[in-house]
Each structure stands twice: as C-alpha cells, then as structure tokens.
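Working notes for the structure below.
Bear in mind these aren't lab numbers, they're just calculated from the coordinates by the rules spelled out. Not measured: the values here are computed from a predicted model. Counting neighbours? That spans all protein chains shown, and the Cβs are built from the backbone with ideal geometry, glycine included.
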Amino acid sequence: MNRYEVFFVIAAALEDEKKNAVVETVKGIIEDGGEATRVDVIGLRRLAYPIQKKNEGYYVLIEFNAPAELPKELDRRLRISDDVIRHIIINKDEK
C-alpha cells in the first residue's frame, strides 16, 4: 500500500448537502480498495484565478493508503464529475 493525497475543489454554488455528498463519494471510492487516513475540509476559498468562470471553490484534502491502481480509477472518476472543478493526486512515497 502506498500513501497518497488527493486535493480537490468543488464548485461553490452547490448546496451544503451536495458538497458533503461529493466528499463522501470520494471517500467511498478510496475505501473500496484502500483506507482514508485523514479528511481535511478546508472550506470555501477564493480561487487564485477563475476556473470555468468561477471565482470561489470549496477545498478538500484527503490523505489515504491504497494500492497503485486506485489513484488511476479515482482520477478517472474525478475527471468526469461535474461538481469537481479541479483535482490533483500526489504520491507521498515518491522522493
């Protein structure tokens, strides 16, 4: 199992229930093959530059342990999600 972290930005215009549902969905994807060790909901922040004509986003950071195949599936699912406007997955074990 490798250590990873995923940082993603959810559209700020969504209701709180929908934002929480997106976070739970991402946690569910991670926990299908690994384990989420830390979930840090940073909250609503101003974006450094406009993304898809949006100036604010809801930031979330999740640290997790998973096999090497899981980040590829997580990346695929986050790309097709309309609610996530940006994401990045980092392998914390790489030097």
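Please count how many residues of segment 41-81 are of a type outside the set (Val, Ile, Thr) and closer than 17 Å to Asn91 by Cα. Give the derivation first.
Residues of segment 41-81 that are of a type outside the set (Val, Ile, Thr), as a first pass: 43-50, 52-59, 61, 63-79, 81.
Now restrict to residues that are closer than 17 Å to Asn91 by Cα: 61, 63-76, 78.
Here the count works out to 16.
Being in contact (Cβ under 8 Å) with a residue 40 or more places away in the chain and among the charged types (D, E, K, R): is that true of Lys92 here?
Working: in contact (Cβ under 8 Å) with a residue 40 or more places away in the chain: yes; among the charged types (D, E, K, R): yes.
Judged against the criteria, Lys92 is a match.
How many residues are farther than 21 Å from Gln52 by Cβ and among the hydroxyl-bearing types (Ser, Thr, Tyr) when one looks only at segment 1-30? Spell out the reasoning first.
Within segment 1-30, the first condition is being farther than 21 Å from Gln52 by Cβ, and the residues that meet it are 1-5, 17, 20, 24, 27-30.
Retained after the next criterion (residues that are among the hydroxyl-bearing types (Ser, Thr, Tyr)): 4.
Final tally of qualifying residues: 1.
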